[in-house]
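**Student:** Sharing a structure, written as structure tokens. Questions coming.
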Amino acid sequence: MNRRGRVSSATAAPAEERSCSWLNPWVFLVSVLAIKTAFVTICCFGGQYPSLCQQASLTKMKDSTSWEGCVYCPKGWKHFQEKCYYLSADKMSWPESVQNCTGMMGSQLVVINSKEEQEFLFNLAKEVSTNAFETKFYVGLAASANGQWQWVDQTPYKKAATFWKPGEPNLLFAEKCAAIHVKGKRDPNTYSNWNNVLCFTSCYRICELPVKFV
């Protein structure tokens, strides 16, 4: 028989050993990188966002100026620009709404800073609103005893954008808390829809917190 066509077991074994010894370092390296990635994820997000890996939804975001990557918003929250928003399914008074948002991963009752943010929140509120004649969502704006409006994060009221309905705010001696007012799902008004109400009125609420970049 032609010797060139035969491969003895003596020559096959070393070839197999060489193949295994060449693969093992790469398998080890891949395993180490996978473990490191999991560890970093837990360290970065586990402390501030309880069970974030289980709760969060991954949203792709492209920044038209300089950044491209992904952001995390907790499950059930909506992403817009660099914030995550939660619209409640239950109603509370304004003080209770403030406390409730603070207890949700350190978020706050929403502070509206731009026309674009107001438009996004109003359209979002219309989507989740019921068929009720009108629906109100508390925002983080209230008037003090002397009638001065103040955001919950101390953003200066006079320097921020405001979107009151025509004729609002009124009755400031009693109605000292602000809410986005949705008048049916077909309400065309995108911007001027804030209404001031009695602070013990039971309304829905909008909480916000910064996104997490990954």
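Here, each number is a calculation from the coordinates, and none is a lab measurement. A quick note: this is a predicted structure, and the numbers were derived from the prediction, not measured. Every residue, glycine among them, receives a Cβ derived from its backbone with ideal geometry; neighbour counts consider all protein chains shown.
**Student:** With a cut-off of 8 Å between alpha carbons and a minimum separation of six or more residues, what is the relative contact order of the range 77-213 in percent?
**Tutor:** Dividing the mean separation by the residue count of the range 77-213 yields 40 percent.
**Student:** Then there's this: Note down the Stokes-Einstein diffusion coefficient of the range 77-213 in µm²/s, whole number, using a Kirkwood radius over alpha carbon pairs, 25 °C, and 0.890 mPa s.
**Tutor:** Using the Kirkwood radius from Cα pairs, D works out to 166 µm²/s.
**Student:** Using a 7 Å offset from the Cα along the Cα-to-Cβ direction at both Thr102 and Thr190, what is the distance between the two label points in nm, to one decimal?
**Tutor:** That separation, rounded to one decimal, is 3.5 nm.
**Student:** Sorting check: for 135-143, 78-86, which peptide has the highest mean count of neighbouring beta carbons within 10 Å, and how do the rest follow?
**Tutor:** The densest-packed peptide leads the list: 135-143, 78-86.
**Student:** What's the ranking of 199-205, 150-156 by average number of surrounding C-beta atoms within 10 Å, highest first?
**Tutor:** The most tightly packed comes first, giving 199-205, 150-156.
**Student:** If you keep only loop residues by DSSP, which GluC sites (Glu not before Pro) in the range 125-213 have at most 11 other Cβ atoms within 10 Å of their Cβ?
**Tutor:** Passing sites in the range 125-213 are Glu134.
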